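The values are calculated or read from the model by the stated rules, or taken from the named source; none is laboratory data. Model, not experiment: these values are computed from the prediction. Cβ coordinates were reconstructed from backbone atoms using ideal geometry, including for glycine residues, and neighbour counts include every protein chain displayed. With ligands, DNA and RNA removed, areas are computed over all heavy atoms of the protein, side chains included. Shrake-Rupley method; radii C 1.70, N 1.55, O 1.52, S 1.80 Å.
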Amino acid sequence: MKLYCLSGHPTLPCNVLKFKSTTIMLDCGLDTTSVLNFLPLPLVHSPRLSKLPGWISKDGTINLEKELKDCAGRVFVDSQPEFCLPERELLDLSTIDVILISNYHCMMALPYITEHTGFTGTVYATEPTLQIGRLLMEEVVNFMERVPKAQSATCWKNKEIQRMLPGPLKDAVDVWTWKRCYSMQEVNSALSKVQLVGYSQKVELFGAVQVSPLSSGYSLGSSNWIIQSHHEKVSYVSGSSLLTTHPQPMDQSSLKNSDVLILTGLTQMPTANPDGMLGEFCSNLAMTIRAGGNVLVPCYSSGVIYDLLECLYQFIESASLGTTPFYFISPVANSSLEFSQIFAEWLCHNKQTKVYLPEPPFPHAELIQTNKLKHYPSIHGDFSSEFRQPCVVFTGHPSLRFGDVVHFMELWGKSSLNTIIFTEPDFSYLDALAPYQPLAMKCVYCPIDTRLNFHQVSKLLKEVQPLHVVCPEQYTQPPLTQSHRSDLMLELQPPPMPYRRCSVLNLPFRRRYERVYILPEVSEQVVHFPL
Amino acid sequence: IGKITGCVFPLQGAGQDVGRSCILVSIGGKNIMLDCGMHMGYNDDRRFPDFSYITQNGRLTDFLDCVIISHFHLDHCGALPYMSEMVGYDGPIYMTHPTKAICPILLEDFRKITVDKKGETNFFTSQMIKDCMKKVVPLNLHQTVQVDDELEIKAYYAGHVLGAAMVHIKVGSESVVYTVSVNKYAKSHISAWIDKCRPDILISESTYATTIRDSKRCRERDFLKKVHETIERGGKVLIPVFALGRAQELCILLETFWERMNLKAPIYFSTGLTEKANHYYKLFITWTNQKIRKTFVQRNMFEFKHIKAFDRSYADNPGPMVVFATPGMLHAGQSLQIFKKWAGNEKNMVIMPGYCVQGTIGHKILNGQRKLEMEGRATLDVKLQVEYMSFSAHADAKGIMQLIRMAEPRNMLLVHGEAVKMEFLKGKIEQEFSIDCYMPANGETATVTTNPSVPVDISLNLLKREMALGGPLPDPKKPRTMHGTLIMKENSLKLVSSEQALKELGLNEHQLRFTCRVQLQDPHSDPDTLHRIYTHLKSVLKGYTIQHLPDGTVMVESIVIKVSSSAEDTNAKVLLLSWSYQGGEYFFTALCIVKRLMYQ
């Protein structure tokens, strides 16, 4: 049994497991941190961004002034932002039989895999994962296509040239695998290959292996997977959470007795307590509004935003923010809010019981009904005429490189009354802000990552007792910036097997038995001798 | 290992009768109750299933492993609080989320009509409904629920009414599928219908066994035409419905028709449940059809413009109107009150969109009865037009046949239908699929013997060794013999090589050798004779290992050949052939060759 590791990003994994002659891809994560190297895509013509000087090397030998721009002391690529794809050379991706998706954040590379590699298999995901995943893809495509950029910068990727560039471009890895965003047509085609599954459903693959999704507690419809035969069991743990937020709680007991447990998707903010961050989020928001400033919250259009809105629902009255308008701007804002209300089966018990009353499970329905929360597909159209300040705006993309958020950065960045509050943990906020410097607006960093932390995961592993653990190499040492924190790594006996991008691991497995069936005709003739 | 006897069904009220469903299944030592319905045509004890079939005294908990409810119609769940709280059952009750949400509301509604309005006693209370619902475990579609170590159940989308489910029940390798009513249109829903799960028995309702219904669109058009004509001539239309289910679909139909035709006549929906019911549909939209799901973000189909809440005073208003009123069989409540008011006018119309149980007024007027005896000896002349439209999504012949084709059951069991109609369907099934079809009457038991195959763990070493014997590419279509030892130990079966079996069982290996003496005349010396045999065997038996050993023996595979002569007559030679038990197959070949050589 072998594991091929196609992504080096610990929370956006893409691994391929070969087990009993089936080839199973576990997640299809797209590393979007690559977009931080690109200039933002403004929705409205920005004189500042259009007048940036081109980059020419100090000795004048390399002239890339068309492709690279000098902005606020850093060099950025001036082209449509590109994503870092999972490795496609390590094995023939057309041989993949099935792809198992664990949550909607971990499927963003799906169109690249299913559409351009000769893939003919099936993708398995839960219904909320499919529906919300579709919304997130639609949103990114929309963000990109709204601001078309003819130019595609390629010269800078030349190895010889890249070596000469200033950081962080110089250190960017695998730049030749970076690709532009897919089209809606590719998204639809990729998602048509998805077969829906329910938690604890047993799916037989070719009679050789059985796979089954388990609730992972991280997001709507998020799952961990069990891949097993009659005598061997592999658990795949992706983004999981033990906190009580909106999704159904994590199913831990079904992970017991695994021969191998593949562990990915731990929290990216091991030192930040989500509850504390939520409190800080609210108090900073209230402070800015009271001082007459606006609040910008760059976020994904599904996930933590539901919890933020629920928290604000309780907070608005007590903080006397009843008259402050809250705006949610995204091409899929309406769909996301509506979809969240119809997945009762996938919600935590409290929210489920609400549906029996019948009441909508999320309180944002009431916020919308009472006009406290308004949603718009973009800043154009109705929003521009109805928009009042001071206000709170939730919008994407959290990288600050594309989407409506770019407009608000340009609009509000110059005033120290305004505040930007980062809640998504996927991007370093300093890097995200780099092309907007110098900024007068206040920046607050309250990353909310509800995924398992090292303490929780050690406890979990002690309980479920897998024989072997496989994990990204990042989890086997403390973070670079906190090298003394030995509590921020996995310490296990036997030690976990680390992987990195392009690793191929031989998983320690001894198969001894196989299940066969004796036909009734034969079993009737069996004569037995007691010993 | 013997035959395992399968499933028994003492049926309670679900046999050859339409009214209430309650089926008991025994499978692999587990007892499961399927549905727990109530008969709408009775007001006495016959209303509830007779649980004394299960036990004469005491609680049901000890006899039942679980209860599964297929959907929220009262003929399938109406006796639930009676069973769990009054007879006594504390085990798990499984139903889908929408059923769990709607079932208690219908039960409470029904309780109010029976106790508060009709003044009956000895009925379950509101508290009992609540306590009963606490025992409910919600089921998700396709989720495999492990009731205990051996019993597992899985729900499929059935599309009958909101939240209706088929269930697959499995113990070991024996299984049963139970379905109320298969809606042909279920396939248009995203969730797959049912796997080819080859159950031992498929239990299906057969309410519309003989009808092979025309297309849904035709019926819808017909319905709209009739409503429209009545309105045009100034008549009133009464549509008795159950608060949840088909009613919502008919509302959508009328709403769009009114919009398109720009009609002004009012449409009312009888009070109480309307708004709440529509709310359920909004929140459980994933359980409705594809068309409704697809558009729900832009426009929620359940927010009606033309349909308003009904007030009882409206019934006397002049002019045309359409009223949806509960209950659906005209046996009590608002629909009956309105019916009484409108029955005398031939301009009016009543459209029965579903099946009516015997004994109800709905059933009577559908059978052409024009004079009805009402309470207090009054008679009611029925002059209004009576129309029947089969919108209720019970299984029809086509749906059942399609389901059999999908699931490939080994046996079929029909319930919840009228005997004659079921007989027709039974014949059709037996003819087309050549499977046994049962249709037990109430209280009757149908037993089906199953013949499961036996799961065995085979040692991978043995499997690989045996595979290798057949050459590099085994022909999957050709049966092959394999050798191994079957060990039965603590309920598990293992197939291993005999060496491993001996080792595991701590037994010594005994070599069994056979020896055969062949007398013959040969003038040569003993070593010469042996050498002749050796060279001859070597020339004849190509591909075998043949050795001439220094100790004066020849070996063909595991057969040992020795030559000795008697002291008296050196020409009289004795050939000793010795072979082990396993070597038996080569022995006769070797013996024949040697004999032929010597007698030459």
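Just a few scattered comments:
- Sorted largest first, extent of the stretch A:308-453 alpha carbons per principal axis (Å): 52, 42, 31
- The stretch B:298-391: trypsin sites (Lys or Arg not before Pro) in DSSP coil with no more than 11 other Cβ atoms inside 10 Å: B:ARG299, B:LYS305
- Positive minus negative residues near A:LYS66 (Lys, Arg vs Asp, Glu; Cβ under 15 Å): 0
- Amide H within-cut-off set for B:VAL137, under 5 Å, with H built and near neighbours excluded: B:ILE93, B:TYR94, B:MET95
- R0 of 25 Å, Cβ-Cβ distance B:ASP149-A:VAL516: FRET efficiency to nearest 0.05: 0.70
- With both labels modelled 7 Å from their Cα along Cα-to-Cβ, the B:PHE424 to B:HIS536 distance reads 8.3 nm.
- Probe 1.4 Å, all protein chains present, accessible-area order of A:SER212, A:SER192, largest first: A:SER192, A:SER212
- Stokes-Einstein translational diffusion, the stretch A:10-90 - Kirkwood Rh over all Cα pairs, 0.692 mPa s, 37 °C, in µm²/s: 209 µm²/s
- For the stretch A:250-259, backbone phi angles converted through the Karplus equation (6.51, -1.76, 1.60; θ = phi - 60°) give residue-by-residue couplings of 6, 8, 8, 5, 6, 7, 4, 6, 7, 6 Hz, Gly and Pro being listed as x.
- Translational diffusion coefficient of the protein assembly as shown (Stokes-Einstein, Kirkwood radius from Cα pairs, 4 °C, 1.567 mPa s): 37 µm²/s.
- Note on B:THR379/A:LEU357: beta-carbon distance plugged into 1/(1 + (r/R0)^6) with R0 of 45 Å gives a FRET efficiency of 0.50.
- The H on the amide N of B:LYS308, modeled in the peptide plane, is under 5 Å from the matching H of B:ILE267, B:TYR268, B:PHE269, each at least 5 residues off or on a different chain.
- Structure-based [θ]222 nm, chain A - -39500 (n - 2.57) summed over DSSP H runs of at least 4, per residue, nearest 500: -7000 deg cm²/dmol
- Compared with the dominant principal axis of the Cα atoms in chain B, helix B:526-540 is inclined by about 40°.
- Evaluated at q = 0.16, 0.20 Å⁻¹: base-10 log I(q)/I(0), Debye formula over Cα of the stretch B:343-484: -0.99, -1.18
- For the stretch B:67-176, the tally of Lys pairs with Cα-Cα distances below 26 Å comes to 18, considering only residues 8 or more apart or on different chains.
- When you count the other C-beta atoms within 10 angstrom of each residue and take the mean per peptide, A:120-132, A:66-78 line up highest first as A:120-132, A:66-78.
- Close amide-amide hydrogen proximity is noted between B:CYS437 and B:MET412, each under 5 Å apart and 5 or more residues distant or on a separate chain (H modeled in the peptide plane; Pro and chain starts excluded).
- The GluC sites (Glu not before Pro) of the stretch B:536-587 that meet both conditions, a loop assignment by DSSP and at most 15 other Cβ atoms within 10 Å of the site Cβ, are B:GLU568.
- Helical content alone sets the calculated 222 nm signal of chain B at -8500 deg cm²/dmol, taking -39,500 (n - 2.57) per DSSP H segment of four or more residues and averaging over every residue.
- Note: relative contact order over chain B, using C-alpha pairs below 8 Å and six or more positions apart, is 14 percent.
- The residues packed around A:LEU136, meaning those with a beta-carbon under 14 Å from its beta-carbon, carry a net charge of -3 if Lys and Arg are +1 and Asp and Glu are -1.
- Relative to its residue count, chain A spans a Cα convex hull of 178 Å³ per residue.
- Relative to the longest principal axis of the Cα atoms of chain A, helix A:274-290 runs at roughly 20 degrees.
- Descending principal axes extents, the stretch A:458-515, alpha-carbon based, whole Å: 50, 31, 14
- For peptide B:138-149, the mean count of partner chain Cβ atoms within 10 Å of a residue's Cβ comes to 4.
- Rounded to the nearest whole Hz, the Karplus-based 3J(HN,Hα) values (6.51 cos²θ - 1.76 cosθ + 1.60, θ = phi - 60°) of the stretch A:487-504 follow the sequence 7, 9, 8, 8, 10, 9, 10, x, x, x, 8, x, 10, 9, 3, 6, 5, 10, with x at glycine and proline.
- Computed FRET value (nearest 0.05) for B:ASP131 with A:VAL44, which takes r as the C-beta separation and R₀ as 56 Å: 0.35
- Nitroxide proxy distance, nm - points 7 Å out along Cα→Cβ at B:SER566 and A:MET1: 6.9 nm
- Normalised by the number of residues in the stretch B:365-451, the mean separation of alpha-carbon contacts (under 8 Å, six or more apart) gives a relative contact order of 20 percent.
- Each residue of the stretch B:28-35 is assigned a 3J(HN,Hα), and the resulting list reads x, x, 10, 10, 10, 9, 9, 6 Hz, derived from the Karplus form 6.51 cos²θ - 1.76 cosθ + 1.60 (θ = phi - 60°), x at Gly and Pro.
- Test item: A:519-531 mean partner chain Cβ contacts at 10 Å: 4
- Cα-based helix-to-principal-axis angle, A:304-318 vs chain A, degrees rounded to 10: 60 degrees
- Relative contact order (percent, whole number), chain A, Cα cutoff 8 Å, 6+ residue spacing: 18 percent
- Count Lys and Arg as plus one, Asp and Glu as minus one, and take only other residues whose Cβ is under 12 Å from that of B:HIS228; the net charge is then +2.
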